[in-house]
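Working notes, beginning with the structure itself.
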Amino acid sequence: MAKLLNGKEVSAQVRRAAAEEVAQLKQQGVTPGLAVVIVGNDPASRVYVNNKKKACAEVGIYSEEYSLPEQTTQQELLDLVEKLNKKQEISGILVQLPLPKHLDDKAVIAAIDPSKDVDAFHTQNVGRIMLGDYHFLPCTPAGVMELLRSEDIPVEGKNCVVIGRSNIVGKPMAMLLLHQNGTVTICHSRTQNLADICRGADILVAAVGKAKFVTADMVKPGAVVIDVGMNRDENGKLCGDVDFAAVEPIASYITPVPGGVGPMTISMLMKNTIMAARLQAKLL
Ligand code: NAP
C-alpha cells in the first residue's frame, strides 16, 4: 500500500507560511499584488481564476481580476499587460491560458515584465530555470518538488522518468529533477518501449493528459508515482493519468487526483507572487 502524497495538507502548510511572509512584508510597507487576466468564457479557466483569487485572499495578497470579452484584440491585451507592467500595486501578472485562438499567447507572454512573470513562462525565466539560477519556477513542477520534499523523498541519484514534454509541465519538471541530481528521462508520444522505460523509474511523473495511461505493469514496485494529469473519466469524474486503483498497491508513494498535485499549483503561485514583490522591492 502506497503512502498518499497529500497535496491538500502540504498546500495548506505552504499557504500558512506564505500568509506569515505576507504579514511580515506588509510590516515593511510591501503588499504583494497579483493581476489575473482572463479572456473569454472558458468554464475551466473561470474556475482556475476564481481559485487563484480565493488563494490570494487567504494569504493576504492583494488581487485584481481583468475579465476581457472573447473578441478582445491582440493590441488591447498587450496594452493591458503594458499597463500592469507599470502598475506599482501589481507584483505579479498572470494571463490565464489558453487564450482564444485569434490571440498570440507567445507575444502576450513575451510582453510581461520578466520580474512580474509569476507563471515563469517568459523566455528569460525559462532560460534562468535551464541555468539553475532562477527567481520563479513554473507552479506545477514546483508543486511536485514541494510534495517530494514534504516527505523527504530523495531525488539524488534516482532514476526519474517524466512522461510528457510540454513547456508548462514536462520540460521544466525534468529540469527541476535534474537540478536535484536525479537521472532524468523524458518520454513523449514518439517514445519507443515506454513501459520498459517507466518500469526503470524510481520516481515516475505522468503529465500526459490521458486517463489511466499509467498502468500497473509500467510501475516498478516501490516507485514514487506523481500524477499531474487532470482528466475526466467515462463518468465525467475528475481523474489523473495513473490507474490509481491498480498502481497504488505497488507504489511506495502516490499522489491522488484530486487532492495531489492540483492544490499545490495555486499555492506555488502565491509563493511566486511574494517573490515578485520582494524582487520589485529589492528585499531578497
Ligand atoms: P500537453 O501540452 O498536452 O502535453 C502532453 C504530453 O504528453 C506531450 O508531451 C505528449 O507528447 C505526451 N503524450 C501524449 N500522448 C502520449 C503517449 N501516448 N505516450 C507518451 N507521451 C504522450 O499537456 P500538459 O499541459 O503538459 O498537461 C498534461 C496533463 O497535466 C493534463 O492532463 C493537464 O490537464 C494536467 N495539468 C495539471 C496541472 C495541475 O495543476 N495539476 C497543471 C497543468 C497541467 P508529444 O510532445 O510527443 O505530443
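The values are calculated or read from the model by the stated rules, or taken from the named source; none is laboratory data. Note that the structure is a prediction, hence the values are computed from the model and not measured. Positions of Cβ are backbone-derived with ideal geometry, glycine not excepted, and every protein chain shown enters the neighbour counts. In case anyone asks, the SASA skips ligands and DNA or RNA and just uses the protein heavy atoms, side chains included. Shrake-Rupley method; radii C 1.70, N 1.55, O 1.52, S 1.80 Å.
Brief remarks follow.
- Condition met for residue 242 (more than 17 Å from residue 138 (Cα to Cα), more than 8 Å from the ligand (Cβ to nearest atom), over 17 Å from the mean Cα position of the chain (by Cα) and touching a residue at least 40 places away in the same chain (Cβ under 8 Å)): no
- Out of 105, 117, 133, 152, one residue alone is away from the ligand (no atom under 16 Å from the Cβ), acidic (Asp, Glu) and under 21 Å from residue 65 (Cα atoms). It is 117.
- Verdict on residue 205 being within 19 Å of residue 157 (Cβ to Cβ), buried (at least 23 other Cβ atoms within 10 Å of the Cβ) and more than 15 Å from the ligand (Cβ to nearest atom): no
- Close contacts from the stretch 15-35, counting a first residue that is under 13 Å from residue 273 (Cα atoms) and a second that is open to solvent by 30 Å² or more (accessible area, probe 1.4 Å) and among the aromatic types (Phe, Trp, Tyr), with Cβ to Cβ under 8 Å and a gap of 6+ residues or different chains, come to 31/62; 32/62; 33/62; 34/62; 35/66.
- If only residues of the stretch 224-239 that are under 14 Å from the mean Cα position of the chain (by Cα) and open to solvent by 10 Å² or more (accessible area, probe 1.4 Å) are counted, the one that is nearest to residue 169 (Cα to Cα) is 228.
- Of the strands (runs of 3 or more DSSP E) lying entirely inside the stretch 183-244, those containing at least 3 residues that are out of contact with any Ser or Thr (no Cβ under 9 Å at 6 or more places or on another chain) span 183-187, 203-206.
- Flag if residue 166 is at pLDDT 95 or above, open to solvent by less than 60 Å² (accessible area, probe 1.4 Å) and away from the ligand (no atom under 15 Å from the Cβ): no
- Screening 144, 126, 161 for residues that are over 18 Å from residue 277 (Cα atoms), within 16 Å of the ligand (Cβ to nearest atom) and over 17 Å from the mean Cα position of the chain (by Cα) leaves exactly one candidate, 161.
- Number of residues in the stretch 249-284 that are more than 16 Å from the ligand (Cβ to nearest atom) and on the phi < 0 side of the Ramachandran plot equals 16.
- Scanning the stretch 193-215 for residues that are farther than 16 Å from residue 256 by Cα and either free of Cβ contacts under 8 Å to residues at least 12 places away in the same chain or in contact with a Leu (Cβ under 8 Å, 6 or more places away or on another chain) (or both) yields 193, 196, 198.
- Among residues of the stretch 248-272 that are outside any loop (DSSP other than H, G, I, E, B), those with a beta-carbon under 6 Å from a residue that is among the hydroxyl-bearing types (Ser, Thr, Tyr) at least six positions away or on a different chain give the pairs 261/255; 263/11; 264/11; 265/140; 267/11.
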